[in-house]
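K.L.:
First the structure, which I've put down as structure tokens, then a few questions once you've had a look.
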Amino acid sequence: MAGNSQRRNRRTSNKKGMQVGSGGQRRRGLEGKGPTPPASARKGHVKNRIANAKAKQAAHRRPAPRRGGAKGTSELVVGRNPVFEALRDGVPATTLYVQQFIENDERVREALQLAADRGINLMEAPRPELDRMTNGLNHQGLVLQVPPYEYAHPEDLAAAAFDDGEDPLIVALDGVTDPRNLGAVVRSVAAFGGHGVVVPERRAAGMTAGAGETSAGTAARTPVARATNLTRTLEGYQKAGMTVVGLAADGEMELQDLEVLDGPVVIVVGSEGKGLSRLVGETCDVRVRIPMPGGAESLNAGVAAGVVLWEAARRRA
């Protein structure tokens, strides 16, 4: 009996223990790796390299015009007529402050109606508060708050045109300090199918409420970009295949002889008194003069830009 028990124990001890399974790995291996990925997702494939290049380009592309660019400072439009005109012309606004117990004349009623139609906040405030807000200016009981203007990046203006399959038509201003001139240029760019305006960050007019009023509402759909260095910005446009045309009274070519206006072009306009600065003038591919049979020495920036933009639109039609 003892011997039988030992034999059974030996047989039991010779049995194999629990086997560790494959965890389904063999079965999954037999199932394959699924459908073949598209060429654009296969590493090393030419389409994959193109897709990666496009993704990198998109990642480094500047924000769209007027969204995420440099910002100006908020402003106040003061007075019944200026407030009414700003509201009428579509100048962006956040809040209309109205003095308590204001004399309700026709201009006040029109301003209130325009603000209500546009969904602008209406705030009633005592006269001392409006005096404080405006630093004692004659506000006549109406103060309109205009939000900071969001500038585009100069590269965005050309990129947006190229993306739409169009040749860029851009106006750059060199030393133009009057916001009304800037507003007039923005208005002309919108009227003649241009793609935006570039202004320097320093010693130049910015998109103030006055510029917005002069643009007659077109500033809301025409991007304005700020250039840290206008010369380098123009050089960047040249590298992108654009011709930089400077307007100058002593230009070597007359406008009617210029043959590049139907292609990608940047029109550079200087100040009425000084014209183009030296570095900007030297950067231009060609300097063009506008014939003036009447004998005037120069045109202001808004008129000069309008003349050249009209000629460009005519040739592109």
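The values are calculated or read from the model by the stated rules, or taken from the named source; none is laboratory data. Nothing here was measured: the structure is a model prediction, and the numbers come from that model. Cβ placement follows ideal geometry from the backbone for every residue including glycine, while neighbour counts extend to all protein chains displayed. Side chains included, ligands, DNA and RNA excluded: accessible areas come from the protein's heavy atoms. Shrake-Rupley method; radii C 1.70, N 1.55, O 1.52, S 1.80 Å.
K.L.:
Would you please state which residues of the stretch 243-283 a label at Arg221 would reach in this model, taking the label point 7 Å out along Cα→Cβ and a backbone N cut-off of under 16 Å?
P.N.:
What the label zone holds, given the 16 Å backbone N cut-off, is no residue at all.
K.L.:
Next question. 7 Å from Cα along Cα→Cβ at both Ala249 and Glu110: what's the point-to-point distance in nm?
P.N.:
Between Ala249 and Glu110, the simple spin-label model gives 3.9 nm.
K.L.:
Within the stretch 135-165, find all residues whose amide N lies under 18 Å from a label point positioned 7 Å from the Cα of Thr95 along Cα-to-beta-carbon.
P.N.:
135-137, 139-149
K.L.:
If you roll a 1.4 Å probe over the heavy atoms of the protein chains, what accessible area per residue do you get for the stretch 65-170, in Å²?
P.N.:
I get 53 Å² per residue for this part.
K.L.:
Between Arg289 and Arg202, 0.36 nm times their residue separation minus their Cα-Cα distance comes to what?
P.N.:
Extra length from Arg289 to Arg202 when fully extended: 28.7 nm.
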